[in-house]
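Down below is the structure, laid out as structure tokens.
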Amino acid sequence: MKKLLSVLLAAVLALGLMAGLTGCGDAKKYNPDNFLPEGTAENPYRIVKEKMTVNIFVPRGSMNPHFADMKMFKKLSEITNLRFEFTEADTSSYANLRSAAWEDKKNLPDLFLFNNEVSEQVIYSEYGALVPFNDANLSVAGVSVGSLIDNYMPTYKALLDNNFGIQTETDAKKVAMLEDGYMYSALCVSDVPRDLTFKMFINQRWIDNLNEDYNLGLPNADEIKTVEQYVTVLRAFKKYDANHNGNSDDEVPVSAKDMQYLRNFILASYGSVFPGVEIKNDKSGFEYTPTTEAYKKYLETVNVMYNEGLLDTSVFSITTDAQLAKKGMEGRLGSFCAAAPYIVTGQSADRYNDNVPLDEQYVTFGPLTSDYYTGSPLQWGFTNFSATGAVIPEGTKCVREIARLLDIMYSDIGVQLIAYGEEGVDWTWDEREDGTPGDGSLESDTWTFNVPNNWEGSQEDYRATISPNVGTGSALYWSYDFVGRMNDKVITALNRMSEIYMPYLKLPCPEEIKMTAKEYTDIERYKTSLDVQLKSKEYDFITNESYYSKATQTSTVSSGDWDKFKSDMKKYKSEELVAIYNAAYARYLNK
């Protein structure tokens, strides 16, 4: 059935999305002498003498126009002399359409840009279906090409050699490389703090109100260091009129769009950051977090929060920012996890609190420890490097042209285009304090995003017309050196607040570790069953008092129920799942 579905999807894609595609992968149309390895004296970004079409498969978000209409790719086409034809797959059906694209061998694109899963690369590389970026012996269309990185990607090579200037234990080269020693994808790289983890916010104004009104001695946001202190603050939010609207019963101490990020924040206070397979803190191996004492402590704490009315009971049904924002814009939320406060609260003035805008009352806090876990604080982190940026299918003839195109996307102009568009058009450097124009050469130089005065949507809605970074989060290089200089009060504050988490980030599984094709298949199979069971059991443990032996303001999961839960997880292959990760880890350590 799966094969039949794949064939049918391929037929649809071939007749529809990919109809009429004839690009540089067509040997009859490819002219190797058209290539300009170093551009021209007038334009170093020019890639070909005569226009040539490159077919690119891309994910498209609901906020985005067609890729051909995005300013970023119009500018890239202008400076490179390449013509782009896009096969767009909506993010909601991306996986199926991508699989179908691979099935349709006669109409493969020249480039898969963004969202190139490592597991897919492992599988397809075993069949010789991918072009390595670092093969010194690479020959294509009768041309001895050699290493694409060494010969045609000087910007990317320099960044790779310098680990993109990012101070981290993670090695970019090892992340990019599969076990056979080849790099089949260019990296996606980010060092922008606000995008490297989720953020927990708490209303500092509420804390101030309660300390002034009732002399409670509550810790300020930056003084909340343990989960026990956090729960104490939430209890105060619940008991008193923290928002000063005259109603002590309408405060919602903590909520979230779903349990994922709130779970991982509370879980981290007990020494783990992820409800699945996670590397141990001493890096001795992997374990299945849901069967550990840390996860049990998390369940017990959240059960208390639920039963005492501290946790929003609708947290299990809220699935969108808009649903969470209903309470946020009413000024009823004491704490929440979100990308930014204004997404949840809006930016209207709070008439009950000196007209201070709602979003400005919230600050980040954490990560936390606990009475149980007293080690270094931990925060679930997203990787700086992922080998998912760009993949070239075997059969593409214009590999040198594509390599140069990708290299430009890692350069200053490429970083700027994927972020906020073209300098002098979409954004401009600000004037310095001495009256001279900025140009980015000084660390203090800032720039302003030029949203048209007649634009009726949000700033991000406008940015979506420029770049696919909005809507899909896609970028080959999302650089803080540029993004962090944006002259915007709200964004700057968000970046600064996010920086508190950076020293404590932990990845559940280091990106350098790669599995075999069979292991990736087995992981997917085991996780499908385990994740369904875990979600159901988590809900039961949090909402069902019968699982617990009660004491004053505490809950303890009964030993019988906990043993049964762990036994059930074993039945669904939790131990086999951990064994796969440990086997891959052992191979990595023994290289």
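The values are calculated or read from the model by the stated rules, or taken from the named source; none is laboratory data. What you are looking at is a predicted structure, and each value in this text was computed from that prediction instead of being measured. We place every Cβ from the backbone using ideal geometry, glycine too, and count neighbours over all the protein chains shown. Heads up: the accessible areas ignore ligands, DNA and RNA and are worked out on the full protein's heavy atoms, side chains in. Shrake-Rupley method; radii C 1.70, N 1.55, O 1.52, S 1.80 Å.
Looking only at region 205-251, filter to residues that are of a type in the set (G, A, S) and under 13 Å from L310 (Cβ atoms); which one of those is surrounded by the most Cβ atoms within 10 Å (Cβ to Cβ)? Spell out the reasoning first.
In the first step, residues of region 205-251 are kept if they are of a type in the set (G, A, S); the result is 217, 221, 236, 242, 246, 248.
Next cut, under 13 Å from L310 (Cβ atoms) only: 236, 242.
Numbers: A236: 21, A242: 27.
Looking at residues that are of a type in the set (G, A, S) and under 13 Å from L310 (Cβ atoms), I get A242.
Looking only at residues in region 403-429 that are under 23 Å from the mean Cα position of the chain (by Cα) and more than 30 Å from L507 (Cα to Cα), which one is most open to solvent (accessible area, probe 1.4 Å)?
Residue satisfying both the conditions and the ranking: I413.
Taking the conditions exactly as written (open to solvent by less than 60 Å² (accessible area, probe 1.4 Å), under 23 Å from T197 (Cα atoms) and either touching a Cys at 6+ places or on another chain (Cβ under 8 Å) or in contact (Cβ under 8 Å) with a residue 24 or more places away in the chain (or both)), does Y501 satisfy them or not?
Numbers: open to solvent by less than 60 Å² (accessible area, probe 1.4 Å): yes; under 23 Å from T197 (Cα atoms): yes; either touching a Cys at 6+ places or on another chain (Cβ under 8 Å) or in contact (Cβ under 8 Å) with a residue 24 or more places away in the chain (or both): yes.
Spelling it out, Y501 is indeed open to solvent by less than 60 Å² (accessible area, probe 1.4 Å), under 23 Å from T197 (Cα atoms) and either touching a Cys at 6+ places or on another chain (Cβ under 8 Å) or in contact (Cβ under 8 Å) with a residue 24 or more places away in the chain (or both).
Using the structure shown, decide if V470 is aliphatic (A, V, I, L, M) and touching an Asp or Glu at 6+ places or on another chain (Cβ under 6 Å).
Details: aliphatic (A, V, I, L, M): yes; touching an Asp or Glu at 6+ places or on another chain (Cβ under 6 Å): yes.
Spelling it out, V470 is indeed aliphatic (A, V, I, L, M) and touching an Asp or Glu at 6+ places or on another chain (Cβ under 6 Å).
Give the residues of region 139-153 that are at negative phi and either in contact with a helix residue (DSSP H, G or I) (Cβ under 7 Å, 6 or more places away or on another chain) or acidic (D, E) (or both), sorted by residue number.
Step one: list which residues in region 139-153 are at negative phi, which gives 139-140, 143-145, 147-153.
Hits for region 139-153 are V140, V143, V145, L148, I149, D150, Y152, M153.
Scanning region 466-490 for residues that are in a loop (DSSP other than H, G, I, E, B) and open to solvent by 40 Å² or more (accessible area, probe 1.4 Å), which turns out nearest to A68 (Cα to Cα)? Full working, then the answer.
We begin by selecting, within region 466-490, every residue in a loop (DSSP other than H, G, I, E, B); these are 466-468, 473-476, 479, 484-485, 487-488.
Cutting the leftovers down to open to solvent by 40 Å² or more (accessible area, probe 1.4 Å) gives us 473, 487.
On the way: G473: 18, N487: 29 Å.
So the residue we want is G473.
Filter region 540-573 down to residues that are not in a helix (DSSP H, G or I) and not hydroxyl-bearing (S, T, Y) and give me whichever is modelled with the highest pLDDT.
Our first condition is that a residue be not in a helix (DSSP H, G or I); within region 540-573, this holds for 544, 548-558, 572-573.
Filter once more, keeping what is not hydroxyl-bearing (S, T, Y): 544, 550-551, 553, 557, 573.
Working: N544: 87, K550: 65, A551: 56, Q553: 56, V557: 90, K573: 97.
The qualifying residue modelled with the highest pLDDT is K573.
Taking the criterion of being closer than 30 Å to Q459 by Cβ, open to solvent by less than 20 Å² (accessible area, probe 1.4 Å) and at pLDDT 95 or above, would at least one residue in region 308-321 satisfy it?
Yes, region 308-321 contains at least one residue that is closer than 30 Å to Q459 by Cβ, open to solvent by less than 20 Å² (accessible area, probe 1.4 Å) and at pLDDT 95 or above.
W455 is checked against (1) surrounded by 15 or more Cβ atoms within 10 Å (Cβ to Cβ); (2) in contact with a helix residue (DSSP H, G or I) (Cβ under 6 Å, 6 or more places away or on another chain); (3) part of a loop (DSSP other than H, G, I, E, B); (4) not polar (S, T, N, Q) and fails just one. What number does that condition carry?
Here W455 clears every test but (1).
Would you be able to say whether some residue in region 283-305 is open to solvent by 10 Å² or more (accessible area, probe 1.4 Å), under 26 Å from V252 (Cα atoms), in a loop (DSSP other than H, G, I, E, B) and in contact with a helix residue (DSSP H, G or I) (Cβ under 7 Å, 6 or more places away or on another chain)?
No, because not a single residue in region 283-305 is open to solvent by 10 Å² or more (accessible area, probe 1.4 Å), under 26 Å from V252 (Cα atoms), in a loop (DSSP other than H, G, I, E, B) and in contact with a helix residue (DSSP H, G or I) (Cβ under 7 Å, 6 or more places away or on another chain).
For residues that are surrounded by fewer than 17 Cβ atoms within 10 Å (Cβ to Cβ) and either within 18 Å of the chain's Cα centre (by Cα) or among the basic types (K, R) (or both), scanning just region 508-526, find the one that is farthest from N203 (Cα to Cα).
Only one residue fits best here, namely K518.
Is it the case that some residue within region 533-541 is free of Cβ contacts under 8 Å to residues at least 40 places away in the same chain and under 24 Å from the mean Cα position of the chain (by Cα)?
Yes, region 533-541 contains a residue that is free of Cβ contacts under 8 Å to residues at least 40 places away in the same chain and under 24 Å from the mean Cα position of the chain (by Cα).
State the number of residues belonging to region 260-276 that are open to solvent by 10 Å² or more (accessible area, probe 1.4 Å) and of a type in the set (A, V, I, L, M, F, W, C).
1
Mind listing whichever residues of region 168-213 are touching a helix residue (DSSP H, G or I) at 6+ places or on another chain (Cβ under 8 Å) and without any contact (Cβ under 8 Å) to a residue 40 or more places away in the chain?
K173, I207, L210
Might you let me know whether region 556-563 holds any residue that is touching a residue at least 40 places away in the same chain (Cβ under 8 Å), β-branched (V, I, T), open to solvent by 40 Å² or more (accessible area, probe 1.4 Å) and out of contact with any Cys (no Cβ under 6 Å at 6 or more places or on another chain)? Explain how you work it out, then say what you get.
Within region 556-563, the first condition is being touching a residue at least 40 places away in the same chain (Cβ under 8 Å), and the residues that meet it are 556-557, 562.
Narrowing further to those that are β-branched (V, I, T): 556-557.
Those left that are additionally open to solvent by 40 Å² or more (accessible area, probe 1.4 Å): 556.
Among the residues that remain, those that are also out of contact with any Cys (no Cβ under 6 Å at 6 or more places or on another chain) are: 556.
Checked against the condition, which is being touching a residue at least 40 places away in the same chain (Cβ under 8 Å), β-branched (V, I, T), open to solvent by 40 Å² or more (accessible area, probe 1.4 Å) and out of contact with any Cys (no Cβ under 6 Å at 6 or more places or on another chain), region 556-563 yields at least one hit.
All but one of (1) small (G, A, S); (2) surrounded by 17 or more Cβ atoms within 10 Å (Cβ to Cβ); (3) under 27 Å from the mean Cα position of the chain (by Cα) hold for S147; state the number of the condition that does not hold.
So the condition that S147 fails would be (3).
Please specify each residue of region 24-52 satisfying the condition of being hydrophobic (A, V, I, L, M, F, W, C), buried (at least 16 other Cβ atoms within 10 Å of the Cβ) and modelled with pLDDT of 95 or more.
As a first pass, look at region 24-52 and keep what is hydrophobic (A, V, I, L, M, F, W, C): 24, 27, 35-36, 41, 47-48, 52.
Now restrict to residues that are buried (at least 16 other Cβ atoms within 10 Å of the Cβ): 24, 35-36, 47-48, 52.
If the condition is that a residue be hydrophobic (A, V, I, L, M, F, W, C), buried (at least 16 other Cβ atoms within 10 Å of the Cβ) and modelled with pLDDT of 95 or more, then F35, L36, I47, V48, M52 are the ones that fit.
Restricting attention to region 53-104, which residues are closer than 21 Å to V399 by Cβ and open to solvent by 40 Å² or more (accessible area, probe 1.4 Å)?
Once the filter is applied, which keeps residues that are closer than 21 Å to V399 by Cβ and open to solvent by 40 Å² or more (accessible area, probe 1.4 Å), region 53-104 yields R83, E85.
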